[in-house]
Each structure stands twice: as C-alpha cells, then as structure tokens.
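The values are calculated or read from the model by the stated rules, or taken from the named source; none is laboratory data. As the structure is a prediction and not an experimental result, all values here were calculated from the model. Positions of Cβ are backbone-derived with ideal geometry, glycine not excepted, and every protein chain shown enters the neighbour counts. To get the accessible areas, we keep the full protein, side chains included, count just its heavy atoms, and leave off ligands, DNA and RNA. Shrake-Rupley method; radii C 1.70, N 1.55, O 1.52, S 1.80 Å.
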Amino acid sequence: LEYQPGDAVGLTVANSPAAVTFVLDMLRNEQGLQPEQRVSIDSDEPISVEQAVRECMDLCCVIKNKRTLFTLAQFAIDDEEKNALHMLSCKREECDFLFNEYIVNQRRSVMDILREFPSLQNITLEGLVSVLSPI
C-alpha cells in the first residue's frame with residue numbers, strides 16, 4: 001500500500017454479529033423475511049437481507065438525535081412504549097434531560113431500543129432502512 005502525506009483512508013465496519021443475528025431473527029419472526037431472500041436497497045442490484053442488515057444500515061452507533069426516536073415511535077404497537085418514545089423525543093426541556101440521561105449518557109443504540117421496546121420489533125426492513133443511517 002503506497003500513500004502520500006495528506007492521503008486519507010476510510011474504513012467501513014459491518015454491524016456486530018450479535019446485532020445482525022438479532023435483527024435477522026426479528027425480521028424472520030415478525031415479517032417472514034429469510035436471510036437469503038433478495039431485496040433492493042439503494043441500487044438496482046438485489047442483495048440478500050443478511051447482507052443488507054450487516055452492511056447497509058448502522059445498527060450499533062449511538063443515537064444522535066431525537067428524530068430517530070420519534071420515527072421509531074411510529075412503529076411501536078404498544079401505547080406505553082409509544083408514549084415513552086415520544087417523551088424521549090419531544091422538544092420540551094424535561095425531554096432534553098430524559099434524552100441525555102437515557103440515550104446519550106448511556107450510549108444507547110437503535111439495537112438497544114429494539115431490545116428494550118419489544119413492540120418495535122414489528123418494524124419492516126424498509127422501516128429500518130428509512131430510520132437508520134447508512135454505514
């Protein structure tokens with residue numbers, strides 16, 4: 001590998017195997033999607049659901065903004081969970097405190113939220129792609 005001063009290197013890291021397994025199991029159980037099933041994400045060339053989950057969406061980074069939680073709340077089927085997510089994502093001062101204490105300080109990711117709010121586990125692959133940042 002040759003490089004010159006000022007060159008940059010970019011690394012793209014796939015999601016953790018535990019996160020991929022969790023989401024694949026969730027999609028299989030709730031949506032009937034099989035890991036080897038082909039889907040189109042951001043391109044014309046279909047890829048497997050497993051590859052999409054592993055390489056196309058960032059499941060493990062810390063949630064950076066309330067908009068992610070607000071959007072996830074739309075998929076919650078349990079009213080208490082939906083209300084809790086709305087409370088974490090609202091713009092009031094007390095909501096800022098909750099967001100910082102529960103999400104930022106504890107470095108919670110979307111994976112953490114999917115585990116802690118089980119009614120979100122009915123989210124579709126399309127829903128995940130729309131909510132999550134690409135890797």
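Odds and ends about this structure:
- Neighbours of Ala52, meaning other residues whose beta-carbon lies under 10 angstrom from its beta-carbon, give a summed charge of -1 when Lys and Arg score +1 and Asp and Glu score -1.
- Taken along the Cα-to-beta-carbon direction at a fixed 7 Å, the label points for Glu126 and Arg38 span 2.0 nm.
- In this structure the chain gives 62 Å² per residue of accessible area when probed at 1.4 Å with all protein chains present.
- Where trypsin sites (Lys or Arg not before Pro) in DSSP loops with at most 11 other Cβ within 10 Å are excluded, longest remaining stretch of the chain: 1-63
- In the chain the longest region clear of GluC sites (Glu not before Pro) that are loop-assigned by DSSP and have at most 15 other C-beta atoms within 10 Å covers 37-135.
- The order of Asp112, Asp79, Asp96 by accessible area, most exposed first and with a 1.4 Å probe, is Asp79, Asp96, Asp112.
- Rg(Cα)/(2.2 N^0.38 Å) for segment 61-120, N = residue count: 0.99
- The slack in the chain from Arg115 to Val62, taken as 0.36 nm per residue of separation less the alpha-carbon distance, amounts to 17.6 nm.
- Nonlocal amide H pairs with Arg108, under 5 Å, H built at 1.01 Å: Ile63
- Spin-label pair Asp78/Gln4, simplified geometry with 7 Å Cα→Cβ offset, distance in nm: 5.8
- Inter-centroid distance (Cα atoms) of segment 91-135 relative to segment 1-33, Å: 18
- Matching label, P(r) over Cα pairs in 5 Å bins from 0, in percent computed from the structure shown, candidates [x] 2, 10, 15, 19, 19, 15, 10, 6, 3, 1, 0, 0; [y] 3, 12, 23, 29, 19, 10, 4, 1; [z] 2, 10, 18, 21, 17, 12, 9, 6, 3, 2, 1, 0: [z]
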